[in-house]
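*Asks:* Just passing along the structure, written as structure tokens.
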2 protein chains.
Amino acid sequence: MSNKPSIPKGTRDFSPTQMARRNYIFDTIKAVYKKYGFEQIETPAMENLSTLIGTGGDESDNLIFKILNSGDYLNKADENALATKNSNGLTRSIAEKALHYDLTVPFARYVVQNQNDITFPFRRFQIQPVWRADRPQKGRYREFYQCDADIIGSDSLLNEVDLIKIIDAVFSELFQDKLNYTISINNRKILQGIVESVGETDKFEQIVVAIDKLDKIGIDKVITELIELGIKEKACEDLMVLCSIKSVNSKLDSNFETMLEGLKHLSSEIGDTANGQKGIEELNFVFEKLKTLGIKTANLEFDPTLARGLGYYTGTIIEVKVDNFPSICGGGRYDDLTGKFGLKDVSGVGISFGADRIYDVLLDNELYPKFEGDSTQVLFTNQDPKDEECFLPMLFALREAEINAEIYPEAAKWKKQMTFVDRKNIEFVVSSNQDRELFVKKATENEKHKFSTTDELIEIIKNK
Amino acid sequence: MSNKPSIPKGTRDFSPTQMARRNYIFDTIKAVYKKYGFEQIETPAMENLSTLIGTGGDESDNLIFKILNSGDYLNKADENALATKNSNGLTRSIAEKALHYDLTVPFARYVVQNQNDITFPFRRFQIQPVWRADRPQKGRYREFYQCDADIIGSDSLLNEVDLIKIIDAVFSELFQDKLNYTISINNRKILQGIVESVGETDKFEQIVVAIDKLDKIGIDKVITELIELGIKEKACEDLMVLCSIKSVNSKLDSNFETMLEGLKHLSSEIGDTANGQKGIEELNFVFEKLKTLGIKTANLEFDPTLARGLGYYTGTIIEVKVDNFPSICGGGRYDDLTGKFGLKDVSGVGISFGADRIYDVLLDNELYPKFEGDSTQVLFTNQDPKDEECFLPMLFALREAEINAEIYPEAAKWKKQMTFVDRKNIEFVVSSNQDRELFVKKATENEKHKFSTTDELIEIIKNK
């Protein structure tokens with residue numbers, strides 16, 4: 001085989017530069033998670049297929065990458081499916097394992113499996129790749145990282161407060177107050193209240209799917225969809241009025257009032273619905289606490305249309321957007337995530353940062369710091385066997401002094417070594433002349449410093 | 001579904017405690033790699049099946065986990081294989097992708113694919129899970145981490161010196177000079193010289209497989225195997241004599257002489273074989289350099305029987321063992337790794353640390369440090385709505401001061417909160433009394449310190 005090799009569509013290699021940037025994102029998120037008392041876990045890439053299917057609907061099931069059983073897998077294959085060439089029917093008999101497509105389902109499985117060893121409320125974070133057999137397109141990959149934090153086993157709304165503060169802390173650090181981003185917040189119960197108040201409780205799911213599209217397709221098309229669903233015109237109008245009560249809080253803390261006002265307004269509009277007032281009460285608590293504690297750089301927004309699909313959320317719903325990008329972080333509260341695995345009535349709330357999109361946001365806006373100390377800082381050049389002899393002990397002394405260093409491994413032309421320095425972004429170059437005098441210089445400058453002992457060299461480098 | 005959930009055989013979940021230990025191992029290795037000028041890359045978990053198969057022989061091909069194509073995969077299935085229920089024959093037509101089973105093959109693919117963007121010699125490290133459809137057993141997993149460092153595009157033996165120094169640096173830090181471990185070193189060319197010197201070059205591979213087992217099955221059984229291969233008795237005896245020239249270097253640098261002596265001895269025994277003397281010359285260079293530079297805690301051993309299977313090694317072979325454990329690190333030089341992908345004559349040399357075995361070695365020997373600051377340091381207890389009000393601003397101030405802290409999210413019984421403190425290994429407990437006086441104490445001590453401002457609290461915690 002001598003074709004140019006390639007990788008599967010929707011997957012990526014990460015070069016050293018890309019890794020440095022990615023690690024910077026992961027490390028920032030990780031540090032904030034830890035400050036908030038979250039502990040890291042990891043689950044295997046492979047789960048039993050039975051653990052994963054049926055948790056997110058048929059559409060999700062099709063997105064799961066299945067792993068072919070080892071050995072003579074056809075031996076146990078479903079005869080019927082095989083005879084009729086029914087791919088869907090055959091899968092479960094030839095693939096018992098699959099790659100997880102998110103970190104939430106494996107976490108729920110972990111909690112149930114290890115419930116006796118876990119101290120609740122359990123604050124866990126998890127940073128791992130996930131796999132989805134999605135159609136690859138710009139910004140959408142088949143293998144990508146999620147950075148999840150969840151608190152499980154506590155109803156307290158203080159957890160919601162923590163998660164919103166975490167989002168503010170992470171993006172304050174990553175965006176350095178140079179980007180405008182908004183944390184939209186809603187509560188599933190408010191959505192229920194809105195639908196109930198217009199007398200269409202039976203069509204809750206369809207209505208939510210429709211109004212979730214307001215941002216994308218606009219009010220007229222949403223109304224058309226609602227009317228097609230059989231919603232009366234008056235109810236449509238009422239719905240649109242309720243949905244318009246969006247209250248943005250700018251970075252100025254004093255404006256928290258507009259969000260609290262928005263809640264109050266909606267509260268009077270939807271009246272005494274069973275769930276609606278409960279949802280408003282919950283968000284009111286969260287907003288009041290945030291008002292007291294303050295927010296660093298985020299814009300907050302109360303958006304009664306925010307639904308984030310029809311997933312497992314039962315309470316708070318959170319989504320973060322930055323100009324021109326799809327969601328970069330999202331989450332919410334779910335009341336029965338572990339039910340599928342036999343553990344009922346355990347409430348959880350969590351968020352997930354989309355590292356790949358954040359990567360692009362930082363790149364587009366030139367917000368990456370200089371990663372000093374991440375790659376080689378000092379190159380000992382090699383033009384002569386005497387260089388090797390003289391520089392080797394120095395090289396190891398520098399490494400002992402926590403300086404990243406290497407020697408060019410063979411005597412080579414100066415130009416070649418300087419190309420190496422340039423492309424590897426090395427900061428300092430050490431060399432000798434014919435009289436065995438030793439010099440060090442910054443790669444980007446011409447001025448050489450003469451030195452004779454290793455200690456002198458370390459001194460020069462550390463003082464830059 | 002309410003069966004207790006489980007994970008696939010041979011895979012594992014990692015709890016917070018296990019993650020802290022694993023991260024400690026990864027971070028230690030990573031820090032050393034960086035000091036030596038290595039840069040991190042990552043490749044996808046999924047590669048094209050055609051990239052992976054045929055690189056390690058049929059046995060390796062069977063160890064590869066294949067990923068079932070998405071959608072109606074039977075539509076493009078090999079009709080013949082389907083009709084005859086030939087699993088092996090069918091696989092390639094229904095599974096185009098697979099999980100990588102090591103990091104070396106993906107790295108070779110990466111180098112060829114990105115050759116125009118890479119500056120050679122390229123020092124890369126890679127820390128990722130790999131997957132093998134092996135029979136799971138104690139210490140052998142189907143999903144496990146490898147920590148690889150390779151230098152590609154340089155023949156220089158200084159690279160070998162660096163790699164051995166890296167092994168010494170990593171284990172000096174992890175083992176803290178409390179464990180006896182040995183870096184065994186050989187050179188494939190020496191193995192060739194030995195076999196050539198007894199006149200059995202044709203049977204090189206079989207002989208190497210046999211003498212590789214000397215440690216496991218003993219000299220008598222190896223001789224039996226050799227004789228079964230048709231090796232003459234005299235040649236067997238000569239082989240055994242040559243194989244016995246093992247020269248261990250204890251931690252005392254002065255003993256480097258025994259290894260150099262061993263090489264000299266073997267050199268005179270195998271005479272003027274084509275490859276043998278070249279191999280001896282190479283190892284002699286490496287040992288001389290190491291002698292000058294010194295070794296911290298490793299025992300070094302020249303072992304002319306070391307083969308590490310019949311893989312792709314063509315020069316130096318390295319393996320690290322610690323009492324009672326299988327190999328915890330290994331590697332060597334390979335001259336044509338990228339040939340399969342169309343890039344000829346690129347020499348590489350690398351090592352791989354087996355994180356999972358190192359994990360067990362450290363655990364068995366109680367060598368993990370205390371991971372302070374990794375989990376929650378301070379818990380604000382919650383017994384009263386006034387606690388929430390009073391402690392919330394303090395909680396966030398502590399986090400701003402880089403102290404990991406949390407508040408118990410709901411008012412709960414004291415005992416329940418103390419169990420939480422105990423199981424989460426929290427260091428400090430903050431509480432109030434009925435007069436709203438505030439106290440902080442170490443969780444393991446009884447003495448309480450009264451405080452009134454957040455600054456005082458931070459002061460007490462930072463001074464422990």
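*Asks:* For A:ARG142, which of the numbered conditions (1) of a type outside the set (Phe, Trp, Tyr); (2) more than 30 Å from A:ALA355 (Cβ to Cβ); (3) surrounded by 20 or more Cβ atoms within 10 Å (Cβ to Cβ) fails to hold?
*Replies:* Going through (1) of a type outside the set (Phe, Trp, Tyr); (2) more than 30 Å from A:ALA355 (Cβ to Cβ); (3) surrounded by 20 or more Cβ atoms within 10 Å (Cβ to Cβ) one by one, A:ARG142 breaks only (2).
*Asks:* Looking at the structure I just gave you, is B:ALA133 in the same structural domain as B:ILE295 (by TED's automatic domain parsing), in contact (Cβ under 8 Å) with a residue 60 or more places away in the chain and not in a strand (DSSP E or B)?
*Replies:* On the way: in the same structural domain as B:ILE295 (by TED's automatic domain parsing): yes; in contact (Cβ under 8 Å) with a residue 60 or more places away in the chain: yes; not in a strand (DSSP E or B): yes.
Taking the combined requirement at face value, the residue satisfies it.
*Asks:* Residues to consider are B:ASP117, B:ASP155; find the one that is assigned by TED's automatic domain parsing to the domain that holds B:ASN186, at pLDDT below 95 and either under 20 Å from B:THR51 (Cβ atoms) or aliphatic (A, V, I, L, M) (or both). Full working, then the answer.
*Replies:* Working: B:ASP155 fails: either under 20 Å from B:THR51 (Cβ atoms) or aliphatic (A, V, I, L, M) (or both).
Exactly one of B:ASP117, B:ASP155 is assigned by TED's automatic domain parsing to the domain that holds B:ASN186, at pLDDT below 95 and either under 20 Å from B:THR51 (Cβ atoms) or aliphatic (A, V, I, L, M) (or both), namely B:ASP117.
*Asks:* Taking segment A:410-420, which residues are touching an Asp or Glu at 6+ places or on another chain (Cβ under 9 Å) and more than 9 Å from chain B (Cβ to nearest Cβ)?
*Replies:* As a first pass, look at segment A:410-420 and keep what is touching an Asp or Glu at 6+ places or on another chain (Cβ under 9 Å): A:410-411.
Within segment A:410-420, A:ALA411 is the sole residue that qualifies.
*Asks:* Considering each of B:THR104, B:THR51 in turn, give the residue that is more than 10 Å from chain A (Cβ to nearest Cβ) and closer than 22 Å to B:ILE152 by Cα. If you could, list the steps in order and put the result at the bottom.
*Replies:* Working: B:THR51 fails: more than 10 Å from chain A (Cβ to nearest Cβ).
Answer to the check: B:THR104.
*Asks:* Being out of contact with any Leu (no Cβ under 6 Å at 6 or more places or on another chain), without any contact (Cβ under 8 Å) to a residue 40 or more places away in the chain and among the polar types (S, T, N, Q) is the filter here, so list the residues in segment B:284-330 that pass it.
*Replies:* B:THR292, B:ASN324, B:SER327
*Asks:* Given B:ILE67, B:ILE41, B:ILE25, B:ILE7, which one is surrounded by 17 or more Cβ atoms within 10 Å (Cβ to Cβ) and more than 7 Å from chain A (Cβ to nearest Cβ)?
*Replies:* Numbers: B:ILE67 fails: more than 7 Å from chain A (Cβ to nearest Cβ); B:ILE41 fails: more than 7 Å from chain A (Cβ to nearest Cβ); B:ILE7 fails: more than 7 Å from chain A (Cβ to nearest Cβ).
Going through B:ILE67, B:ILE41, B:ILE25, B:ILE7 in turn, just one is surrounded by 17 or more Cβ atoms within 10 Å (Cβ to Cβ) and more than 7 Å from chain A (Cβ to nearest Cβ): B:ILE25.
*Asks:* Quick one: is B:ILE231 surrounded by fewer than 21 Cβ atoms within 10 Å (Cβ to Cβ), farther than 20 Å from B:ILE280 by Cβ, free of Cβ contacts under 8 Å to residues at least 60 places away in the same chain and among the β-branched types (Val, Ile, Thr)? Explain how you work it out, then say what you get.
*Replies:* Values: surrounded by fewer than 21 Cβ atoms within 10 Å (Cβ to Cβ): no; farther than 20 Å from B:ILE280 by Cβ: yes; free of Cβ contacts under 8 Å to residues at least 60 places away in the same chain: yes; among the β-branched types (Val, Ile, Thr): yes.
The answer is no for B:ILE231.
Matching residues to (1) over 28 Å from A:SER87 (Cα atoms); (2) in contact (Cβ under 8 Å) with a residue 40 or more places away in the chain:
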site: B:PHE14; (1), (2): yes, no
site: B:ILE29; (1), (2): yes, yes
site: B:ASN48; (1), (2): no, yes
site: B:ASP61; (1), (2): no, no
site: B:LEU74; (1), (2): no, no
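*Asks:* Here is a follow-up. Return the total of residues in segment A:312-328 being crowded, with 17+ Cβ neighbours inside 10 Å and part of a loop (DSSP other than H, G, I, E, B).
*Replies:* The total comes to 6.
*Asks:* Go through segment B:22-53 and count every residue that is in contact with a helix residue (DSSP H, G or I) (Cβ under 6 Å, 6 or more places away or on another chain) and among the basic types (Lys, Arg).
*Replies:* Count: 1.
*Asks:* Does segment B:363-377 contain at least one residue that is touching a strand residue (DSSP E or B) at 6+ places or on another chain (Cβ under 8 Å), closer than 19 Å to B:LYS464 by Cβ and of a type in the set (A, V, I, L, M, F, W, C)?
*Replies:* No, that holds for no residue.
Each row is one residue, and each column tells you yes or no for (1) modelled with pLDDT of 95 or more; (2) within 21 Å of B:LEU52 (Cα to Cα).
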| site | (1), (2) |
| --- | --- |
| B:THR84 | no, no |
| B:ILE94 | yes, yes |
| B:PHE125 | yes, yes |
| B:TRP131 | yes, yes |
| B:ALA149 | yes, yes |
| B:ASN159 | yes, no |
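*Asks:* Can you name the condition, by its number, that B:ASP155 falls short on among (1) in a helix (DSSP H, G or I); (2) in contact (Cβ under 8 Å) with a residue 60 or more places away in the chain; (3) acidic (Asp, Glu)?
*Replies:* (1)
*Asks:* For the subset of segment A:85-101 comprising residues that are at the interface with another protein chain (Cβ under 10 Å from one of its Cβ atoms) and small (Gly, Ala, Ser), which member is surrounded by the most Cβ atoms within 10 Å (Cβ to Cβ)?
*Replies:* Looking at the filtered set, the residue picked out is A:ALA98.
*Asks:* Ok, one more. Scan segment A:382-403 and give yes if some residue there is within 17 Å of B:PHE120 (Cα to Cα), acidic (Asp, Glu) and within 14 Å of chain B (Cβ to nearest Cβ), otherwise no.
*Replies:* No, because not a single residue in segment A:382-403 is within 17 Å of B:PHE120 (Cα to Cα), acidic (Asp, Glu) and within 14 Å of chain B (Cβ to nearest Cβ).
*Asks:* In segment B:193-224, how many residues are among the basic types (Lys, Arg), closer than 21 Å to B:LEU266 by Cα and part of a helix (DSSP H, G or I)? Explain how you work it out, then say what you get.
*Replies:* So the first thing to find is which residues in segment B:193-224 are among the basic types (Lys, Arg), and the list is B:203, B:213, B:216, B:221.
Okay, now just the ones that are also closer than 21 Å to B:LEU266 by Cα, so B:203, B:213.
Filter again for part of a helix (DSSP H, G or I), leaving B:203.
Result for segment B:193-224: 1.
*Asks:* Take the conditions out of contact with any Leu (no Cβ under 6 Å at 6 or more places or on another chain), of a type in the set (Ser, Thr, Tyr) and under 18 Å from A:LYS35 (Cβ atoms) and apply them to B:THR454. Does it pass?
*Replies:* Taking the combined requirement at face value, the residue satisfies it.
The values are calculated or read from the model by the stated rules, or taken from the named source; none is laboratory data. Here the structure is a predicted model, which is why all the values come from computation and not from measurement. Backbone-built Cβ (ideal geometry, glycine too); neighbour counts: all protein chains shown.
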